Amino acid sequence: MKWKNLKSFACVKKTIGEGRNGRIEFRYYISSLLNDIDLISKAIRHHWSVENKLHWHLDVTFKQDKNTAINKNALLNLQIMKKLALACLKHTATIYDRSLHLIRFGIQLDFEKEIPRFFNILANF
């Protein structure tokens, strides 16, 4: 059985915008959580919090919204590389003691010096 741990379904109604320009979206979820609306709501909010933080970092740190790649494979490969780079930057943030955007910018300014330092920091995690 493919979904043997399936315990509940959830539907979230989201209103986007107001007035004539407003629209309603429904998002459906399957879950292994028991039928507990408070717990399921908390899990859904946590999921979207993580998603929103990821997309915010991808846009601010890597300017993803300005990406003009048309080829779907190229776009997918860029997204994977950016997420990998973001994960690496997050591991080094405490050492550099700067924002992820400033770390990326600093590496870019002195690439030959910073890349070995960057990978050395990652190797010690």
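The values are calculated or read from the model by the stated rules, or taken from the named source; none is laboratory data. What you see is a predicted model, and the numbers here were worked out from it, not measured in a lab. As a convention, Cβ positions derive from the backbone with ideal geometry for all residues, glycine included, and neighbour counts pool all protein chains shown.
Does segment 33-48 include one or more residues that are surrounded by 12 or more Cβ atoms within 10 Å (Cβ to Cβ), basic (Lys, Arg) and either without any contact (Cβ under 8 Å) to a residue 60 or more places away in the chain or closer than 25 Å to LEU102 by Cα (or both)?
The answer is yes; a qualifying residue exists.
Taking TYR29 as meeting all but one of (1) at pLDDT 80 or above; (2) surrounded by 11 or more Cβ atoms within 10 Å (Cβ to Cβ); (3) farther than 30 Å from LEU6 by Cα, write down the number of the exception.
Tallying (1) at pLDDT 80 or above; (2) surrounded by 11 or more Cβ atoms within 10 Å (Cβ to Cβ); (3) farther than 30 Å from LEU6 by Cα, TYR29 fails exactly one: (3).
Considering (1) free of Cβ contacts under 8 Å to residues at least 40 places away in the same chain; (2) surrounded by fewer than 15 Cβ atoms within 10 Å (Cβ to Cβ), say which one VAL60 fails and leave the rest.
(1)
Could you grab me the full set of residues in segment 94-116 that are surrounded by 14 or more Cβ atoms within 10 Å (Cβ to Cβ) and assigned to a helix (DSSP H, G or I)?
Hits for segment 94-116 are ILE95, TYR96, LEU100, HIS101, ILE103, ARG104, GLY106, ILE107, GLU114.
What are the pairs, 6+ residues apart or on separate chains, where a residue within segment 98-125 that is over 18 Å from VAL60 (Cα atoms) and in contact (Cβ under 8 Å) with a residue 40 or more places away in the chain has its Cβ under 9 Å from a residue that is of a type in the set (Gly, Ala, Ser) and loosely packed, with under 11 Cβ neighbours inside 10 Å?
Sorted first by the residue in segment 98-125, then by its partner, the list stays empty.
Can you find a residue in segment 3-24 that is touching a Lys or Arg at 6+ places or on another chain (Cβ under 6 Å) and either exposed (fewer than 10 other Cβ atoms within 10 Å of the Cβ) or at negative phi (or both)? Show your work before the answer.
Here is the first cut: in segment 3-24, the ones touching a Lys or Arg at 6+ places or on another chain (Cβ under 6 Å) are 12, 16.
When the remaining residues are screened for being either exposed (fewer than 10 other Cβ atoms within 10 Å of the Cβ) or at negative phi (or both), the result is 12, 16.
Scanning segment 3-24, I find at least one residue that is touching a Lys or Arg at 6+ places or on another chain (Cβ under 6 Å) and either exposed (fewer than 10 other Cβ atoms within 10 Å of the Cβ) or at negative phi (or both), so the answer is yes.
What's the total number of residues in segment 63-76 that are part of a helix (DSSP H, G or I) and farther than 24 Å from GLU114 by Cβ? It would help to see each step written out before you state the result.
Residues of segment 63-76 part of a helix (DSSP H, G or I): 64-66, 72-76.
Remaining after also requiring farther than 24 Å from GLU114 by Cβ: 65, 72-76.
Adding up the residues that qualify gives 6.
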